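Down below is the structure, laid out as structure tokens.
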Amino acid sequence: KTSLAILQEEKFDELKYASEKLLKIFKKTRNYLLDNINLYEDILSINGLGQLMKKELSSELSFIGRMDWILDIHDNWKVLEINGETPAGICEAVYVEEIILKECDIDEGFERINKDLKRKIISQGKRLVESYDVDNPTIAFVALTYYEDWVNTNALYRIFKETSDYSCIYGNIEDLVIEGEKVYLYGTEVDIIFRYYPLDWFIKEDNANLKNLINLVNDKVFFLNPINTIIMQSKSFFSIIYALIERDFYTVEELGFIKKYIPFTTFDFNELKSNEFLIKPILGREGKLRLVMIWRKFLMRI
């Protein structure tokens, strides 16, 4: 028998409140990094993309961002990372959940966490589309055919097809064709592209079409997921936040939220005061340098 995972309303409300507060801190940090992008390109591993970000028309942090949260053994929320480039879980949160709910008897007093997700996705999508000022745009939802990428991209495509007036097309990102200053997918000209595909891969691509696409972005064609999203996705983002603390970059209130919800993160293992930590790669998705985060006995519970 299928059973439900139930989160107490108090914990859920705290999660929403903390997310909203942290997003404001992330935006403040993002703006600082954008203003100084030439200094931070290397450590963020976004070499070659800084100038492109300066042409960004939208100030939004992302189209769809996913924060990964845990409850530690002391029942405290901690955020592990934020992903706005290729956010997994869209299909599960919308369509799989609807299937599972049909198998479950929901008692009165319980509410679906994702009940408004479709509406919020469309609302944010429309905000971004309108910022690009394109009349009657055609949106291409594209990804590689790796199953996770494919199903999540298809889920977004379905949501837009079901609940928006935009012309939409869906397919393999490697099937995009550039002719002059126009981009086509299966013979259809597209104006806006949602890519379930990391931005930094474009400049390393062997596929000439994808490599050339970057030259047209924010001019002849637009990405639905903003380019600057890659800043927050960098594994060095949290360590930069902790480094900026030393420069008194944040207010007292912001500092309190950072230390409460973001594990201490550093580039230098000599700063660690515990032997319990997680190491992540930086300077590239398979980077050689390492980033360390102190966990203080954090155990994943959800």
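As a quick test, which of the pairs Lys24/Lys260; Lys16/Lys260; Lys28/Lys211; Lys126/Lys161; Lys27/Lys259 have an alpha carbon distance above 19 angstrom in this structure? Don't skip to the end; give the middle numbers.
On the way: Lys24/Lys260 15 Å; Lys16/Lys260 15 Å; Lys28/Lys211 31 Å; Lys126/Lys161 13 Å; Lys27/Lys259 17 Å.
Going by Cα-Cα distance, Lys28/Lys211 fall outside the 19 Å limit.
Select from Gly50, Gly256, Gly65 the residue whose mean-square fluctuation is largest in a Gaussian network model of the chain (Cα-Cα springs shorter than 10 Å).
Gly256
Roughly speaking, to the nearest percent, how much of the chain's 1.4 Å accessible area is carbon and sulfur? If you can, show how the numbers build up before the last one.
Numbers: 7810 of 16040 Å².
With neighbouring chains kept in place, the figure for the chain is 49 percent.
Antiparallel versus total DSSP beta bridges in the chain: what percent is that, nearest 5? Please report the intermediate quantities before stating the final value.
On the way: 20 of 34 bridges.
Around 60 percent antiparallel, to the nearest 5.
Report ³J(HN,Hα) in whole Hz for each residue of segment 68-80, in order, from the Karplus equation J = 6.51 cos²θ - 1.76 cosθ + 1.60 where θ = phi - 60°; Gly and Pro get x.
9, 10, 10, 9, 7, 5, 9, 6, 9, 6, 9, 9, 8
Taking the Cα centre of the chain as origin, sum charge times position over the Cβ atoms of Lys and Arg (+1) and Asp and Glu (-1), and report the length of that vector in debye to the nearest 20.
Working: 39 positive and 49 negative charges, 139 e Å.
Around 660 debye, computed over the chain.
Evaluate the chain: find the radius of gyration of its Cα atoms, find its Kirkwood radius, and give the ratio Rg to Rh.
Numbers: Rg = 20.3 Å, Rh = 20.9 Å.
Rounded to two decimals, Rg over Rh is 0.97.
Using a Gaussian network model of the chain with C-alpha springs under 10 Å, which one of Ile203, Ile113, Ile121 is most mobile by mean-square fluctuation?
So, out of Ile203, Ile113, Ile121, the one fluctuating most is Ile113.
Averaged per residue, what accessible surface does the chain expose to a 1.4 Å probe, in Å²? Can you show the working numbers first?
Numbers: 16040 Å² over 302 residues.
The answer is 53 Å² per residue.
Once you keep just the Cα pairs under 8 angstrom separated by 6 or more residues, what percentage relative contact order results for segment 154-278? Walk me through the intermediate numbers first.
Details: 88 pairs, mean separation 20.9, N = 125.
Once normalised by length, the contact order is 17 percent.
Put +1 on the Cβ of each Lys and Arg and -1 on the Cβ of each Asp and Glu in the chain; which of Ala140, Leu255, Val221 then has its Cα farthest toward the positive end of the dipole?
Of the options given, the answer is Leu255.
Using only the alpha-carbon atoms, what does segment 220-270 span along each of its principal axes? Please give whole angstrom values in decreasing order.
Cα spread of segment 220-270 along its principal axes, largest to smallest: 45, 27, 20 Å.
How would Asp68, Asp133 rank on accessible area, largest to smallest, probe 1.4 Å? Kindly include the intermediate steps, with their values, before the conclusion.
Values: Asp68 40, Asp133 130 Å².
Of Asp68, Asp133, the descending order of accessible area is Asp133, Asp68.
With charges set only on the Cβ (+1 for Lys and Arg, -1 for Asp and Glu), what does the dipole of segment 1-105 come to about its Cα centre, in debye to the nearest 20?
Details: 13 positive and 20 negative charges, 92 e Å.
So the dipole magnitude of segment 1-105 works out to roughly 440 debye.
Give me the Å³ per residue figure for the convex hull around the C-alpha atoms of segment 61-107.
Details: hull volume 6.0 nm³, N = 47.
Spread over its residues, the Cα hull of segment 61-107 gives 127 Å³ apiece.
Rounded, prolate or oblate, given the Cα gyration tensor of segment 117-194, with a/c below 1.5 counting as rounded? Don't skip to the answer; put the middle values down first.
Numbers: a/c = 2.17, a/b = 1.11, b/c = 1.95.
Oblate, because a/c is 1.5 or more while a/b does not exceed b/c.
Please compute the alpha carbon radius of gyration of segment 66-167, then divide it by the globular-protein estimate 2.2 N^0.38 Å. Two decimals is fine. Please report the intermediate quantities before stating the final value.
On the way: Rg = 16.4 Å, N = 102, 2.2 N^0.38 = 12.8 Å.
The value comes to 1.28.
When the dipole is taken about the Cα centre of segment 103-241, and only Lys, Arg (+1) and Asp, Glu (-1) are charged at their Cβ, what size is it in debye, to the nearest 20?
On the way: 15 positive and 23 negative charges, 65 e Å.
Dipole about the Cα centre, nearest 20: 320 debye.
The values are calculated or read from the model by the stated rules, or taken from the named source; none is laboratory data. Every value quoted in this text rests on a predicted model; they were computed, and no experiment measured them. Counting neighbours? That spans all protein chains shown, and the Cβs are built from the backbone with ideal geometry, glycine included. Quick note on the areas: whole protein, heavy atoms, side chains included, nothing else; ligands and nucleic acids left out. Shrake-Rupley method; radii C 1.70, N 1.55, O 1.52, S 1.80 Å.
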